[in-house]
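The values are calculated or read from the model by the stated rules, or taken from the named source; none is laboratory data. A quick note: this is a predicted structure, and the numbers were derived from the prediction, not measured. Virtual Cβ from ideal backbone geometry, glycine too; neighbours counted across all protein chains shown.
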Amino acid sequence: MLSLVAIVLASYLVLRLVLPLRLAWPVRVALAVLVYGLALHHRIVARFAGSMASPELPKLVIAALGTGFVALLLTALLVALLDVATLAAWALRGRTALPGLRAPWLRPDAAALALGLSMYGTWQAMAVPKVRQVEIAIADLPPAFDGYRVLQLTDIHASRLLTGDWVAEVVARANAQRPDLIVITGDLVDGSVDARADDVRPLAALQAPDGVIAITGNHEYYGQYREWMDAFAAMGMQVLENAHLRIARGDAALTVAGVTDPVAARYGLPVPDAGAALAGADPDAPVLLLDHRPGEAHAHAARGVALQLSGHTHGGHIVGMDRLVARANGGFVSGLYPVDGMQLYVGNGAGLWPGFATRIGVPSEIALITLRRAAD
């Protein structure tokens, strides 16, 4: 689907931007080949250098390809807006409105603007995330857990783009917050255990009194799922696969549950099952549920979950595009939402998939969540 959309946009750009340029035809042909190459680069890389989920190329090459691809998408959008404006002006004012909108420099300038925005987006995507502090009020939270601090990491996506040095900085920043508990809500890694061993090793240094709890995202299934589960356990993480555990403070308790990802069905692995995850849980303890995707929030609220932590959306990547991402995720894309008496927090993510590594107006984050007892 991604390749089909990219080919359509590339063809549109070749027709509306490249061919009309006043350049020698060999130059225009070369530019057209470049446009189509960027549109298809995911498929090309998957054929010759890794996979779509995990391109095994030097960091700068991945960054350059990603910048070019996003620039292509943004250029197509800007050129389309110019074309729509031209048609609207013609319909409203006739031919007298056309010369300014058909100026030969407008569309190349749109491409230059798109490239600048894309370069900024790549730079932001590769930045070490800042800490975002959030307070969330929970009904019937035991007084012993009032002020309890949960640090959420999501969508780390350790890869050839976001390497071990970057992961180590994320870990250092997370540990510096001194949380009570660290949770990782999926998509820790892109690639095989052998390919990513050095890049994920810093995660073993995550520290919190109540431990590090993780769940799977969709990307864990794209490469050596079971091997990754063993590797995460060896790093000291408790991986919840449709399971829960109990955190106690004296006689009070908090249940932390986690579910798998729906993509598990493709691989014959356990699909998300909140009922199984909560089976046998203390009925008096509020439930913190970890689900990589936010879309099942209403169903989880109906089960009595107090707080759901999710990721997956990357905050929508780009201002404006976040509305489309929200529509694909039950209306949820970034931040805190009240859902049928439950609280849902969707993190923007620390990293993102190297195949679409851009952030424009949607910063990455490490979420430090302080639980508060809701007023009666």
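Some points to look at:
- Within region 40-54, the presence of at least one residue that is in contact with a Ser or Thr (Cβ under 8 Å, 6 or more places away or on another chain), surrounded by fewer than 21 Cβ atoms within 10 Å (Cβ to Cβ) and not in a helix (DSSP H, G or I) is confirmed.
- Condition check for ALA10: within 16 Å of LEU74 (Cα to Cα), at pLDDT below 85, part of a helix (DSSP H, G or I) and within 32 Å of the chain's Cα centre (by Cα): no
- Any hit, region 193-201, residues being surrounded by fewer than 24 Cβ atoms within 10 Å (Cβ to Cβ), in contact with a His (Cβ under 9 Å, 6 or more places away or on another chain) and in the same structural domain as GLU169 (by TED's automatic domain parsing): no
- Single residue of region 143-179 satisfying the filter (in contact with a Pro (Cβ under 8 Å, 6 or more places away or on another chain) and free of Cβ contacts under 8 Å to residues at least 40 places away in the same chain) that is farthest from LEU288 (Cα to Cα): GLY164
- Of all residues in region 242-267, those that are on the phi > 0 side of the Ramachandran plot and modelled with pLDDT of 95 or more total 1.
- Strands (runs of 3 or more DSSP E) (entirely within region 325-376) containing at least 3 residues that are farther than 15 Å from HIS300 by Cα: 365-373
- Qualifying residue in region 172-179 (condition: over 21 Å from LEU240 (Cβ atoms), touching a helix residue (DSSP H, G or I) at 6+ places or on another chain (Cβ under 9 Å) and either in the same structural domain as GLY147 (by TED's automatic domain parsing) or surrounded by 24 or more Cβ atoms within 10 Å (Cβ to Cβ) (or both)): yes
- Leading residue by the ranking (farthest from GLY335 (Cα to Cα)) among those in region 252-281 that are of a type in the set (D, E, K, R) and either free of Cβ contacts under 8 Å to residues at least 24 places away in the same chain or surrounded by 14 or more Cβ atoms within 10 Å (Cβ to Cβ) (or both): ASP273
- Tally, over region 180-196, of residues that are in a loop (DSSP other than H, G, I, E, B), free of Cβ contacts under 8 Å to residues at least 60 places away in the same chain and either in contact with a helix residue (DSSP H, G or I) (Cβ under 7 Å, 6 or more places away or on another chain) or under 22 Å from GLY223 (Cα atoms) (or both): 1
- Set side by side, the residues LEU368, LEU352 differ, and just one is surrounded by fewer than 20 Cβ atoms within 10 Å (Cβ to Cβ) and in contact with a helix residue (DSSP H, G or I) (Cβ under 9 Å, 6 or more places away or on another chain), which is LEU368.
- Of all the criteria given as (1) under 30 Å from LEU74 (Cα atoms); (2) assigned to a helix (DSSP H, G or I); (3) at pLDDT 95 or above, the one not satisfied by HIS298 is (1).
- Tally of residues being of a type outside the set (A, V, I, L, M), assigned to a loop (DSSP other than H, G, I, E, B) and either over 36 Å from the mean Cα position of the chain (by Cα) or at pLDDT 80 or above (or both) across region 66-108: 2
- Taken together, THR260, THR255 contain a single residue that is part of a strand (DSSP E or B) and of a type in the set (Val, Ile, Thr), which is THR255.
- With respect to the conditions (1) under 24 Å from GLY341 (Cα atoms); (2) more than 19 Å from the chain's Cα centre (by Cα); (3) outside any loop (DSSP other than H, G, I, E, B), ASP140 falls short on a single one, namely (3).
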